[in-house]
1. State, to one decimal in nm, how far the label point of Ser367 lies from the label point of Val293, with both points 7 Å from Cα in the Cβ direction.
2. Quick one: net charge of Ala276's neighbours, Cβ under 12 Å, K/R +1, D/E -1?
3. With a 1.4 Å probe and all protein chains left in place, how much accessible area per residue does the chain have, in Å²?
4. Using only the heavy atoms of the protein chains and a 1.4 Å probe, how would Val261, Val624 rank by accessible area, largest first?
5. How much of the accessible area of the range 404-501, probe 1.4 Å, is carbon plus sulfur, in whole percent?
6. At a 1.4 Å probe radius, which order do Met218, Met286 fall into by accessible area, largest first?
7. What nm distance separates the two modelled labels at Leu403 and Gln621, each placed 7 Å from Cα along Cα→Cβ?
8. If Lys and Arg each add +1 and Asp and Glu each add -1, what is the summed charge of the other residues whose beta carbon sits under 12 Å from the beta carbon of Gly176?
Amino acid sequence: MWNRATYCLVILSISLGTISAQTFLLPEDERLPTFTFSHSKNPKQIRQSVYKVRIVSKDFIEKTNSINLADVLKTQSGMNVVEDNLTGTSTLSMNGQEGKNVQILVNGIPLIGRMLGQIDLSQINLQDIEMIEIVEGPLSSIYGANATAGAINIISKKNQSSKLSGQIKSQQLSIGSNNSSIYLSIPIKKWTSNLSLGRNFFPGKSFEKGTLRQTDWMLKNQYVATFGVQGKIKKTSVSYRLSLLDETLKNKREPYKEIQVKEKDGQFYEVGQFKANDIHYLSRRMDHQLSFVSRSERFERIEFQNGYNYFSREKKSLIHHFNNNQVLLDRSTGVQDTTSFQSALHRAIFAYGKPHLKFFSGYEFQSEWGEGKRIMSSSQNIWSASTFSNADFEIAKKVQVNLGFRTDYNSRFGWSILPNLQFRRLAKKNKKFTTSIAYGQRNPDLKELYLNFVDANHNVTGNPKLISEMGYNFLFGFEKSQDYSRSKIVHDFNINANWMSNKIQLIVTDPTTAQYSNLGNQHIRNFSYGIIFEKGGLNVNTRNLFTQTIVNKEKSKFSYQATINASQKLPKSKLQINLNANYFSNQNYFSFNSDGADVGIKYLNPYCLMDVFLSRKMGIQHRVSLGFINVMNITQLNVSAASQGQHGRGAGLLTAGLGRTFQLNYQWTF
């Protein structure tokens, strides 16, 4: 019998069949070779890079009506974004590796505030973002010890307009959500500044009938703001950016009746009062960035980057009295708490270049500290100091080599040396081979070491005895492009293997209790094949990814992910149609017993996430679009267990999405 996942796979197959009969080319503003990327400190065209780089353009972000980073990454191949209805967060895995192995940065400055090892992607808004760089493979020699799977670098807008300009956006969803924002670019003599303000509201949703107040998905209310300024002081470019977020999650509970015995005139009687014990989670982010860029006779680029990040999460327990509609703080012991994390970074980069040699080196200081009742001893701090060097040169005609080297000293884990080696060979103008071998390391963060995360659904304790994950990565890629009179086709094939020792895993000892521990070895291998096409107004980008994970000699089945991003322009009606679909099969999760010796593997039944957008420009300034989100109406996934450890869950259901949703979007650019 056909199900929704099978139907989606058929749609993907038809799309691929259509592609094989024609050839297409991405538009000039989306084609990868036309972009530059900044993670190498020496920006260059992507085709000239030895790294595996993808760019998500501002145009793509607008076409998909993306509000936050989770919205964008859901459309990308190799990415699996999981929305947790219990914590209200959106987390990531990349090419089979967990999000804690992916460094997430804004303008090269890493973000802090991970929940259970992951950054909440729904807290990273995109209202002032120019593009997003996705770099696959270990980048520890560039970004430090926590980029063993790759990096996602978010680049903010840097306007050079001499006139006041801006953009207003409004989004309404059929589930009651509404998102709105305003962005302004303001010139001040030879300087430019920008300001953005936004509010994102989700009323919560429940799939169970019969509940009065409690929802499966918590109410979420976000206020976001960014401010930036750019200019020059003599020959030095200066830029500053401030980003603020205030988020409230409301976990409303079911009411109960409390009976009190009272006495009046010698008579005793019962008085009933309806109450509910609600919990609010308040998150706050503040990110400062200040950079200086100049050049000298010796160095073609000198850059100083400075960053300060603050993140706090407050749990506020409340008692709602329905008789008089009062909401009061719960005065019980231990039910209120606030945990905060702060991070400061200073980095200096000195770049030197000649026609056949690009070289940069620098140093970096970073400190992170956490405070709160959930932190062991109420306060903990980790700092690190690093030096790094990277050389990009040719050893033969059309053969490019990149050699990187980083030395780290961590106050908790001591010294580490992180090398990497990449090769790129252009066989012809239309063929490119890349190979990389790298050593990576991921140090446990403050939360894994010292945070005790305890609430109604979790009892996760830190482990100060954790040691660093260490591993090797091998990546081989081949790209071939074919030009035709009106079209072009690009083939992309990749093999990736990752070996990790001292793997840090959350050990679940009962349904709500867990602790982090080092569990031996993990090996992830995957291969992918992608095609990029364009002809006329039709643009298509597809990728097929196969991944297998091996933990302590226990092998999973190969999981499969098929991704398609397609758009079609209809000039006569001025409409544009966008289709984004991700099909998943045999997605696997490992579970362990208390010593990690007994491994269980759980599989999700096949499913497909598909979104369709119709947009129309009305003149130069206005754009209206209609979105159909989660077309296949995915809300819960079936979980089966092929092999069981002591704590394998067996069959069950996993909450996966909000179901089919319709959205209306309006954008005014001036």
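The values are calculated or read from the model by the stated rules, or taken from the named source; none is laboratory data. It should be emphasised that the depicted structure is a prediction, and the values quoted were computed from it without experimental measurement. Backbone-built Cβ (ideal geometry, glycine too); neighbour counts: all protein chains shown. The accessibility values were calculated without ligands, DNA or RNA, using every heavy atom of the protein model including side chains. Shrake-Rupley method; radii C 1.70, N 1.55, O 1.52, S 1.80 Å.
1. 2.9 nm
2. Its environment carries a net charge of +2.
3. With all protein chains present, the chain gives 45 Å² per residue.
4. The residues order as Val261, Val624, largest area first.
5. Working: 2690 of 4450 Å².
Percent of accessible area from carbon and sulfur atoms in the range 404-501: 60.
6. Met286, Met218
7. With each label point 7 Å from Cα toward Cβ, the separation is 5.8 nm.
8. Details: positive: Lys205, Lys220; negative: none.
Charge balance in the 12 Å sphere: +2.
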